[in-house]
Every structure is written in C-alpha cells, then in structure tokens.
Amino acid sequence: MNFARTLKHLATPGWLAWRRYRSADREVIRAAVATSEASHRGELRVVIEGPLPLRCLLRGQTARERAADLFAHVGVGRTDEATGILIYVQLVDHRVEILADRGIDARVARGEWESICREMESAFRDGAWRRGVLEAIDRVSRLLSVHFPARPGNRNELDDRPELF
C-alpha cells in the first residue's frame, strides 16, 4: 500500500474531483458516444472516477486493475459481438486506461489504446478535461469504423452516458 497515494485519495472529496465533468460536459460526452456508435458496431462506456474506494487503496489496486473491475461492473463485457470499450479516467491519480473486449482486442493493437490514453493525460495536464475525452472518443471511433463498420440496424447495447464513480 502506498501511504501517500492513499492519503491523497482519502483527502479528496468526490465532488471536488467530479466538478471537472459537470452536467453539460456529461451531456456533450453522451452525444459524442452516440454519434460515434452510429459509425461502427463497438459499444463505448466512459467511466470517470474521483477518489478510489478504501478497499481498492488497501489492496494497492492500479488504475488498470480498477478499470478491469469496472469493465465487468458496467457491463462492457456483455455485448453480443464482444465489441465493448471502456474509457476509464482516474481523476485523483491522473491516469487513463482503455480496455477493449476480446472481439476488438484481437484486431486492434494495445499500442493504439496506450497512445490514446497518453494523449488524454496530456490534455488533462493542460486542463482540457472535456476536450481530452472527446478527442479520445473520436480516435476510438475511427479505429472501430475500420475494424467493425456499422451495419444496418446497429443496436445500442450499453448506456451512452458517462458514469461517475
């Protein structure tokens, strides 16, 4: 357990971290996800988390491990074609992780997701919280459009609204 990290999370109230994504920001992100999903068969979920729960801190859980837990929790792994994508933003640790379900993971290199994550983190360092997420959605959309183009009757399987934890 990293004492400094634990203290930082415990000292950060959720509302303070979440103020970066107010209602108007979340609506713009929701619309971007809906627009994105019209161009491919992937299903995007954006999860934004402030301070980690104490149990995660006590286990020393990394952002990637937490993203994997939330991947299952918000249903990203339950799409018909295994084409779910989780964009996870850990506000206190300033980390971003993108996890792809097995259908996508088989076709898109891990390095693509890493590049998008680092670009988001760079935007966040500049204070561009909304722009960072929107640009990531756009890049993910372009990748999925190539590997999983839309078909007539594309079905929306997951909620498009970003989820705050």
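List of remarks:
- Which listed residue is more than 21 Å from W15 (Cβ to Cβ) and not in a helix (DSSP H, G or I), from I87, I48: I87
- Residue that is nearest to L144 (Cα to Cα) [pool: residues in segment 94-120 that are among the hydrophobic types (A, V, I, L, M, F, W, C) and part of a helix (DSSP H, G or I)]: I104
- Some residue of segment 139-154 being among the charged types (D, E, K, R) and at pLDDT 95 or above: yes
Here is a yes/no grid of residues against (1) more than 24 Å from R5 (Cβ to Cβ); (2) surrounded by fewer than 20 Cβ atoms within 10 Å (Cβ to Cβ):
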| site | (1), (2) |
| --- | --- |
| E81 | yes, yes |
| V89 | no, no |
| E112 | yes, yes |
| R125 | no, yes |
| P152 | yes, yes |
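- Any hit, segment 56-70, residues being within 19 Å of F124 (Cβ to Cβ), outside any helix (DSSP H, G or I) and aliphatic (A, V, I, L, M): no
- Checklist (1) under 15 Å from the mean Cα position of the chain (by Cα); (2) in contact (Cβ under 8 Å) with a residue 12 or more places away in the chain; (3) surrounded by fewer than 16 Cβ atoms within 10 Å (Cβ to Cβ) applied to K8, failing item: (1)
- Any chance T62 is on the phi < 0 side of the Ramachandran plot, at pLDDT below 95 and hydroxyl-bearing (S, T, Y): no
The values are calculated or read from the model by the stated rules, or taken from the named source; none is laboratory data. Only a predicted model underlies this, so the values are computations on that prediction, with no experimental measurement involved. Every residue, glycine among them, receives a Cβ derived from its backbone with ideal geometry; neighbour counts consider all protein chains shown.
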